[in-house]
Every structure is written in C-alpha cells, then in structure tokens.
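What follows is calculated from the coordinates using simple rules that are stated; it is not laboratory data. Being a predicted model, the structure only gives us computed values, none of them experimental. Reconstructed Cβ throughout: ideal geometry from the backbone, glycine too, with neighbour counts over all protein chains shown.
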Amino acid sequence: MNEVLKAIKDRRSTKSFKSDMVPMEVIDQICEAGKWAASGKGAQAGMIIAVTDKETRDKLSRLNAAVMGADTDPFYGAPVVLVVLADKSVPTYVYDGSLVMGNLMLAAHSLDVGSCWIHRAKQVFDSEEGKAILASLGVEGEWEGIGNCVIGYPAGEPKEPKPRKENWVYKI
C-alpha cells in the first residue's frame, strides 16, 4: 500500500502523552508539513504557533479548560501545542486552517509522534488573554483559532479504529 494512504489509515488520536519533549527538529518538520497544506486560491490563510514553553502551554490548557467548564488538562499531558489560526479576511479560512491541522497530524504520525486535534482555539483566541498572547508575539490582524494540534510521544498503544460506516462513497 502507498505510504501516504497507509499513514492516513493508521493514524489515531493520542489521548495520553509522555512528558518527554519532542526535539525541535521534529517539531519543525511537522510545522513544515502544515505550511504545505492546500488552501483556497493558494491564499495560505493559516498560521501555526508552536508552543513548547511549559508556562505558555499550561496557560493555554487552563484557558481551554475554562471554555469547557473543566479543571482538567484538555491537552492530555502533551508537551507541545501547535496552535493553528487562520486569517478571517480569506473566504476559505476555516477550511484552509483545517487542512493545516490534517497535515500536522499526518506528519506527526509519519515521524512516530502522537497527535490530537483539540477544539476551542476559537474561543481561547477570541478572549482578551488569547489576544494578549498574539499581541505579545507581534501577531496583528483578524485571526481565528481553528484548532490546537497537541503533539508528543504516546504513553500507550493506540485504540483500534472503528469500522468505517456504510455509504461513504456514491458513484455515478
């Protein structure tokens, strides 16, 4: 089977991570894959913020948990958060950012790194604290949080995939 098709079928969301930090060279490779995601009219509406600083990672976790109304770590202990935002002035920004997320997760899998898409980036970066994080990085403009791609080394074995539902594809 083709390597890309195999990666697509084998990738699973990781929901328990070791505390070991992913080397920056590996993070860079994963982010590079995100940069090459397809985008409407080639607009490249997405942006990735690679968070490896524990204090910032924990702050994002707290903000995300608050949106959920929880006090547990919604990032499952992952040491790295790749925040994907997209430029709201681009008509296809949500789709473009979603494709970035998909590339990040597939690239992580191909490098033996676990990943999981964590929602609520929109709400976090719509908040004053989220906007302050962007401002501290010099990020200007109208950006919307698309997702948090948490990455790290899995603490266990992935679950078996659920069978694919019927009637996914109709042929004419």
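The helices (runs of 4 or more DSSP H) found entirely in the range 82-146 that carry 1 or more residues being hydroxyl-bearing (S, T, Y) are 93-110, 128-136.
Of all residues in the range 102-116, those that are within 14 Å of I146 (Cβ to Cβ) have Cβ atoms under 9 Å from Cβ atoms of residues that are among the aromatic types (F, W, Y), 6 or more apart or on another chain, in G102/W117; N103/W36; L104/W117; M105/W117.
Table: residues versus (1) over 15 Å from the mean Cα position of the chain (by Cα); (2) small (G, A, S); (3) more than 18 Å from K15 (Cβ to Cβ).
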{"position": "I49", "(1), (2), (3)": "no, no, yes"}
{"position": "R57", "(1), (2), (3)": "no, no, no"}
{"position": "L60", "(1), (2), (3)": "no, no, no"}
{"position": "L63", "(1), (2), (3)": "yes, no, yes"}
{"position": "P74", "(1), (2), (3)": "no, no, no"}
{"position": "S115", "(1), (2), (3)": "no, yes, no"}
{"position": "R120", "(1), (2), (3)": "no, no, no"}
{"position": "V124", "(1), (2), (3)": "no, no, yes"}
{"position": "G130", "(1), (2), (3)": "yes, yes, yes"}
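Here L60 passes the criteria (1) surrounded by fewer than 24 Cβ atoms within 10 Å (Cβ to Cβ); (2) not in a loop (DSSP other than H, G, I, E, B) except the one numbered (1).
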